[in-house]
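Trainee: Before we start, here is the structure in question, set down as structure tokens.
Bear in mind these aren't lab numbers, they're just calculated from the coordinates by the rules spelled out. In this text the structure is predicted, and so the values were computed from the model without any measurement. Cβ sites come from the backbone with ideal geometry, for glycine too, and all protein chains shown count toward neighbours.
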Amino acid sequence: SMWAIIMTSALLRGAYHLYQGFGQALGNVLMGIVFGWWYYRTRRLWPLIIAHAFIDIVAFAAYALLPNLVSKL
């Protein structure tokens, strides 16, 4: 079924992000569910690529600009 495919894909996505820690892996599972659902509904990939790039850029910038805050997390 559609949900089995989305959940399997999202769990795989989370599994290969476990090196970042459990919280990051869980966040990636949730993002995988949302992205999988979006793709299933729209069949549009570019908005997901742009959203992923935006998330990565914001995370990278926050890590570089707010090192004291990041070290506490």
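Trainee: Give me the angle, in degrees from 0 to 90, between the Cα long axis of helix 2-15 and the longest principal axis of the Cα atoms of the chain, rounded to the nearest 10.
Mentor: Value to nearest ten degrees: 30.
Trainee: Could you give the longest part of the chain that holds none of the trypsin sites (Lys or Arg not before Pro) found in DSSP loops with at most 10 neighbouring Cβ atoms within 10 Å?
Mentor: Working: sites that count: ARG43, ARG44.
After excluding every exposed loop site, the longest remaining stretch is 1-42.
Trainee: If each DSSP helix of 4+ residues adds -39,500 (n - 2.57) and the sum is divided by the residues in the chain, what number results at 222 nm, nearest 500 deg cm²/dmol? Numbers along the way, then the final one.
Mentor: Values: 4 runs with 61 residues, N = 73.
Dividing the helical sum by the residues of the chain leaves -27500 deg cm²/dmol.
Trainee: Just to verify a number: FRET efficiency for VAL34 and LEU66, C-beta to C-beta distance, R0 = 35 Å, to 0.05? Could you put the intermediate results ahead of the total?
Mentor: Numbers: r = 25 Å, r/R0 = 0.72.
Plugging the Cβ-Cβ distance into 1/(1 + (r/R0)^6) gives 0.90.
Trainee: Roughly what angle does helix 46-65 make with the longest principal axis of the chain, taking Cα atoms, 0 to 90 degrees, to the nearest 10?
Mentor: On a 0 to 90 degree scale, this one is about 10.
Trainee: Give the relative contact order (percent, whole number) for the chain; include only Cα pairs under 8 Å separated by 6+ residues. It would help to have the intermediate numbers written out before the result.
Mentor: Working: 43 pairs, mean separation 16.7, N = 73.
For the chain, the relative contact order is 23 percent.
Trainee: How much length, in nm to one decimal, is gained on full extension between ALA59 and PHE22, taken as 0.36 nm per residue of separation minus their Cα-Cα distance?
Mentor: Numbers: separation 37, 0.36 × 37 = 13.32 nm, distance 1.68 nm.
The ALA59-PHE22 span can extend by a further 11.6 nm.
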